[in-house]
Structures are given as C-alpha cells and as structure tokens.
Amino acid sequence: MAAVAEPAEPSLWSTVKEAVRGSHQDFTEGPIGRAVVLLAVPMVLEMLMESVFAVVDIFFVGRLGASAVATVGLTESLMVTVYALAIGLSIGAAATVARRIGEKDPERAALTAVQAIILGIGMAAIIGAIGVLFGPQLLRLMGATDDVLSIGSTFPRVMVGGSGTVLLLFLINAVFRGAGDAAIAMRVLWFANIINMTLGPCLIFGLGPFPEMGVTGAALGTTIGRGCGVIYQLYYLTRPGGRLRVRRRHLRLDPATMRSILHICGTATFQNFIATASWMGIVRIISGFGSAAVAGNTIGIRIILFALLPSFGVSNAAATLVGQNLGAGKPDRAEAAAWRAGLYNTICLGAMSLVFLIFAPGLIGIFTGDPEVAGYGVRALRIIAVGFAFSGYGMVLTQAFNGAGDTRTPTWINLVVLWLWEIPLAWLLAHPAGFGPTGAFIAVSIAFFTLAGVSSWLFAKGGWKHHRV
C-alpha cells in the first residue's frame, strides 16, 4: 500500500501573506516558529503604525522650530501616565482573553473584553479632565521654558484631554491580539494613521480650508485619527466572523471578571508606569541643559521608538502564545514560543542598531536643520542603539511574564533596573561626571543590557508557568 504524502510545510512568504490577511490558525497547535510569525508579522506592522504617529508629528512640527519640538517632547513625557494605564489595562485584557481562548471559551473572552473597555472609559474620563484643566501647568512642571509655553500651552490640553482615544485604541487592540486576531489590530492602526497623516499637516500649516494651528494642529490631528481608529475597532468587535465577537448579552457589568482583570492590570499598570516614566526622568535630567538638548533627545528617541515599537509587536506575539498555550495546558510549548520570539527580536534589533550607528546624521537631519539640536540627536541615537540587540530578549521575556498573568515579576525587574539603576546612573553621568546629556544616553544603553540579563535569568526559573488567571 502506497504511503500517504505529508502536506508540505508552508513557505515563509506564504506564512507572511497569511499573517497579513488574517490567520485562522490554532496557536496551541502546529510548528512554534510558524505560530510566532503568524502573530508577530501583523503585530510588528501594528506597532510600526503606532510609532508613525510620533514620527509624523515630529516631522512636521520640526519645521516650526526647537520650541515646538520641545513642546511635543515634554508633553509626550506627560503622556507616560496615559500610556502606562493603557498598556497596563491592555496586559490584563490580553492575558485574560488569551487564556479564555486557549480554554476554548469565546463567551467568557467576549465578556472580558467588555469589562476591560468599561474600565478604560472610566479611567480616560478622569485623566482627560485633568489634562483639559491643568495642561499648561503640567507642561511647566516638566521644565518648559517661557518660549515653549507661549506657543504650546494648548498642546497638552488636547493630547492629555483626548487621552481616552489612546486608552481605548491600545485596550481594544490588545483584546484582538489576545484572541489571535492580530491582523485586525494592524488594520485599525493603518486606518488611524492615514487620517493623522492627512489631517496633521493641514491643521499645522493651514493647508486648503483648514486653519493654521501650529503645534496644536498636530495634537488635534493625532487625537482625531486615534478616535476614528476606536470607531473602527468597535465595528470589528461586534461584526461576525472573528475569533471574538461582542454581542448584546455581553454588555453588562460582571464584577468577578472585572476583578480578575484588575488583579492583573493593577500591577501591570504600575509596571508600565515605571518603565515609561523612566523616560520622564531622563527627559527631566536633560531639560536642565536647555531646549536644544531636549529637542535633540526628542528627535533621537522618536526614531529609536520607531525601531523599538515593532519589537513590542514581537513581544506581544510571545505574550499571546504564552497565554493561549497555558490555557490549553501546554506550558513547555509556551516557554519554547517565548524563547523563539526573543531570538527573532534580537536579530532584528541587532540589524537596526547597525543602521543607526552608521546613518545617524542623515536620519536626524530629516527632522531638523539646527546643528546644535542635530548634534544632541545624533549622540542619542548612536549611544542608545548600542544596547538595542540586547534589549530583544528583555522585551520579549517581560511580555511573556505578562502573558502568563505574572505581572509582579516584570514590575520588580522594571523598578530595580530602570529606577534604582538607570535614573541614578543617568544623573551621576550627566552632572557629577560632567558628561551632560550624553551621560543620560549612556545610562539608557546600559539599562538595556541589564534588563536583558535579569529577565532571561528569572524567566528560565519557570515560576510563571504555574500562575493562574
């Protein structure tokens, strides 16, 4: 009797095309490398689109001068609280949804999504009110000069006041990722970015029928773009055909599910506040050296985030795979998926670090013609890029902890590495050691090295495999 031929393994290109279209693969079965690629490709493209928000704003605002760029940079430092809450809620929602999907329980997954959105709306209302009422005062608190305040006092009112769009955009996309519908999350960011890239320059420079609003126009364009993205998300969340669909019966309060999300996201929010607020600490140290230093750092960091945010896409893929495979009772597969994603991430970031080291002056020159600002930007880009490759494993493994619902371990990692190590080191190198802003850049690069080593050691110990969600 003739043997039956095994079906051929899909090629990498066909796997990538399937990932972009949207895959129906069961991520608890099949080759681990293929599962990583199917999830990581749309998540990387999603994160690229998220980073485009930041880069597009700086590209156009850079034409308005150093004070306008400093306004954006200082306001972004204020937004770390919003991003911390958004990412914290996203971690709780994604981990819980992924575990329910792994358990083959889409009803509870949909209920989880609704509870997370309710929590996000409540938090957004509080933060938005603070931003509208106290935006200029918060900008002053971050070290803004009179020149910055004279042109940019409305910018933080719009950005922080419209923070609900950030929270919901992150949160609902995390629901899609946890369910394995990464391609939908990617399309949402494409849609939002097209609107932002169209509206931004029109509102900044007063093109066509639009008023000339300067730096405030950048904030308005970004907020409108994100708001349209949220509407698009809600449409996809309620339409048939996805891995997760919210229906009328799910639109209710469920205290038990909400407590489960809060149990994870409370620590996760603090974890990400520690991580993102460390950038606030770095900016505060640099602001003592003038607006040119802040502007150069802002441009350099925006370019760095353009490279790092796709790595968060790979990290989110690892989190989804860990959550779903733990839900399916396959902890060894969950661990193997995280290490594989870490390897892919490290290779990609190593390549990007070489690009930044070689082409830093040209990249910075795209965003500013001021030689003093460009000098700071080039140093930031080259020095921080040195730690890129080593951050690949650190980023993936901390997200893998979160995907398992173990948010305490990465919280301690961030607290020790970023606040007890990176920030004091940045201050020492910048001031007593006399390196100025360059010292802060060196501290960030060293922190990347440290984060990778600590997270790898703790992940290998395996305690996260027994965490319940």
For this session: Let me know the shape class of segment 219-275, please: from the alpha-carbon gyration tensor, a ≥ b ≥ c as square roots of the eigenvalues, rounded when a/c is under 1.5, otherwise prolate if a/b is greater than b/c, or oblate.
Result: oblate
For this session: Quote the charge dipole size of the chain about the Cα centre in Debye, to the nearest 20; the model charges only the Cβ of Lys and Arg (+1) and of Asp and Glu (-1).
Result: 1100 debye
Seminar exercise, completed: Computed over the chain, the distribution of all Cα-Cα distances in 20 Å bins, rounded to whole %, is 26, 58, 15, 1, 0
Exercise. Among the lysines, which have Cα under 29 Å from the Cα of residue 17 when same-chain residues fewer than 8 positions away are ignored?
Worked result: 104, 330
Exercise. Semi-axes of segment 160-225's equivalent ellipsoid from the Cα gyration tensor, sqrt of 5 times each eigenvalue, largest first, rounded to whole Å?
Worked result: 28, 13, 5
Exercise. Can you give me the Cα centroid spacing of segment 422-464 and segment 232-246 in angstrom?
Worked result: 41 Å
For this session: Just report the Cα centroid separation between segment 101-163 and segment 278-296, whole Å.
Result: 22 Å
Exercise. Ranked highest first by the average count of other Cβ atoms within 10 Å around their residues, in what order do 427-436, 112-121, 95-104, 176-185 fall?
Worked result: 176-185, 95-104, 112-121, 427-436
For this session: Answer with one residue from 209, 364, 95: the one whose Cα lies farthest towards the positive end of the charge dipole of the chain, charges on Cβ with Lys, Arg +1 and Asp, Glu -1.
Result: 95
Seminar exercise, completed: The relative contact order of the chain, taking Cα pairs under 8 Å that sit 6 or more residues apart, comes to a percentage of 22 percent
Problem set entry | Among 121, 52, 414 - extreme Cα towards positive end, dipole of segment 29-466, charges at beta-carbon | 121
For this session: Using only Cα atoms, find the angle between the long axis of helix 80-102 and the longest principal axis of the chain, and express it within 0 to 90 degrees, rounded to the nearest 10.
Result: 10 degrees
Problem set entry | Cβ crowding within 10 Å averaged over residues, with 28-40, 358-370, 297-309, 342-354 ranked highest first | 297-309, 28-40, 342-354, 358-370
Seminar exercise, completed: Computed for segment 136-214: size of charge dipole around the Cα centre, +1 on C-beta of each Lys and Arg, -1 on C-beta of each Asp and Glu, debye to nearest 20, value 240 debye
For this session: Taking the convex hull of the Cα atoms, report for segment 73-114 its projected area averaged over all directions, in nm².
Result: 3.2 nm²
For this session: Over the residues of segment 319-469, compute the C-alpha Rg and express it relative to 2.2 N^0.38 Å.
Result: 1.22
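Each reported figure results from applying straightforward, stated rules to the coordinates on display, with no laboratory input. None of the values given here were measured: they were computed from a predicted structure. In this analysis, Cβ positions are derived from the backbone assuming ideal geometry, glycine residues included, and neighbour counts consider all displayed protein chains.
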